[in-house]
Each structure stands twice: as structure tokens, then as C-alpha cells.
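Working notes, beginning with the structure itself.
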Amino acid sequence: MTSAQLARTCREALGYSPTAVVNEHLIREAQRDLVYSPLSAKQIAHQMGFSRYFRKQTGCTPGEFRESAHRQMLDAPRG
């Protein structure tokens with residue numbers, strides 16, 4: 001199977017290109033790390049290899065995402 005065939009098959013099966021699938025996975029991994037990792041937001045963005053793409057996809061910088069996630073965790077009702 002050629003790379004073009006693989007890309008077409010992936011797009012048909014998932015509705016996204018292989019690159020989009022990988023990028024979505026990286027965004028989710030970065031979001032998880034921003035919430036639970038002791039590394040700085042800058043270190044995580046550098047480790048993932050993107051910061052502008054993160055902002056383009058999520059609407060906020062990695063640091064803003066971390067602050068928002070931590071604020072939501074603090075405001076969540078405890079049960």
C-alpha cells in the first residue's frame with residue numbers, strides 16, 4: 001500500500017487525514033500533561049514540538065489551558 005492509498009483509506013474510514021489524527025493525539029497528550037505534569041507549559045509545548053498549533057486548535061496557549069484546567073478542578077464540586 002502506498003502512502004497515498006493509506007492516506008485515502010484513513011480519510012475514508014475516519015474522516016480525517018493521518019496527519020490530523022496524529023496531531024489530535026498530540027493535542028490530547030499535551031492537554032493531559034498540562035494538567036498532571038510538573039513540567040512547565042513551555043517545556044511541554046517544546047517537548048511536543050508545537051505551541052502555535054496548540055493555540056490554533058484549542059483557542060488558547062498551553063499556559064492558558066493549564067490555568068483554566070486547574071481553575072476548573074478547584075471549582076469542581078467535591079463528592
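Details
- Here the spin labels are modelled as points 7 Å beyond Cα on the Cα-Cβ line, and at Y36 and R55 they lie 2.8 nm apart.
- Inter-label distance, nm, simple model (7 Å from Cα along the C-beta direction), A13/L74: 4.4 nm
- Of the peptides 9-21, 35-47, the ranking by mean beta-carbon count within 10 Å, highest at the top, reads 35-47, 9-21.
- Pair A20, Q5: separation of 7 Å Cα→Cβ label points (nm): 2.3 nm
- (1) 1.15; (2) 2.38; (3) 1.37, with the label sought being that of the calculated Cα Rg over 2.2 N^0.38 Å: (3)
- Principal-axis analysis of the Cα atoms of the chain puts helix 18-36 at an angle of about 10° to the longest axis.
No lab work stands behind these numbers, since they all come straight from the coordinates. As the structure is a prediction and not an experimental result, all values here were calculated from the model. Note that each Cβ is placed from the backbone with ideal geometry, even for glycine, and that neighbours are counted across all protein chains shown.
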